[in-house]
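The next block holds one structure in the form of structure tokens; read it before the comments.
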Amino acid sequence: MRYMLMHKLNDADPAQWAPTPEFLGRMGEFMTEVSRAGVLLAAEGLLPSSAGAATISVKNGQQTVVDGPFAEAKEVIAGFAIVQVRDHAEALEWAQRFAALFDDVEIEVRKVPDAG
């Protein structure tokens, strides 16, 4: 089963988007561990919405494009990982271990449908 783990940070808090060398070291160790476990399919971090983000909305066939930063958005997706695991419980285990790297974060765990 594939799951996407998305972590959200406060878009208005620059400190959350400026990781310390210690944090980057812990993150590197975690990524090495999840890779060696053979469950990591993809992972990337994202920049805050002030660094070139946009949203596109369609209502009644009309498109609206809003460029970042998103003043109304408190928390935005700051990165993601896609893991292939045995079950939901294992996805939650990896997500909880990932969350433990942070002082303040929200992790959303979502199942990715099988393509067949």
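What follows draws every value from the coordinates through simple rules; no lab data is involved. Here the structure is a predicted model, which means the values were calculated and not measured. As a convention, Cβ positions derive from the backbone with ideal geometry for all residues, glycine included, and neighbour counts pool all protein chains shown.
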Where the only charges are on Cβ atoms (+1 Lys, Arg; -1 Asp, Glu), what is the dipole of the chain about its Cα centre, to the nearest 20 debye? 380 debye
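Are there trypsin sites (Lys or Arg not before Pro) in segment 13-116 that DSSP marks as loop and that have at most 13 other Cβ atoms within 10 Å, and which are they? Write out the running numbers ahead of the final one.
Details: sites: Arg26, Arg36, Lys59, Lys74, Arg86, Arg97, Arg110, Lys111; in loops: Lys74, Arg86.
Of the trypsin sites (Lys or Arg not before Pro), the ones in loops of segment 13-116 whose Cβ has at most 13 other Cβ atoms within 10 Å are Lys74, Arg86.
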At R0 = 30 Å the Cβ-Cβ FRET efficiency linking Ala99 and Asn60, nearest 0.05, sits at 0.15
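In terms of the Cα gyration tensor, with a ≥ b ≥ c the square roots of its eigenvalues, is the chain rounded because a/c is under 1.5, prolate because a/b exceeds b/c, or oblate? Don't skip to the answer; put the middle values down first.
On the way: a/c = 2.47, a/b = 1.29, b/c = 1.92.
Verdict is oblate for the chain.
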When the chain is treated as a Gaussian network with springs between alpha carbons less than 10 Å apart, the largest mean-square fluctuation among Ala37, Ala53, Ala81 is found at Ala37
Among Ala37, Gly79, Gly25 the positive-end extreme of the charge dipole of the chain (Cβ point charges): Ala37
So how far apart, in nm, are the two label points at Ala71 and Val109 if each is 7 Å from Cα heading toward Cβ? 3.8 nm
Specify the angular offset, from 0 to 90 degrees and rounded to the nearest 10, of the alpha carbon long axis of helix 88-99 from the longest principal axis of the alpha carbons in the chain. 70 degrees
Degrees, to the nearest 10: 21-36 long Cα axis against longest axis of the chain: 60 degrees
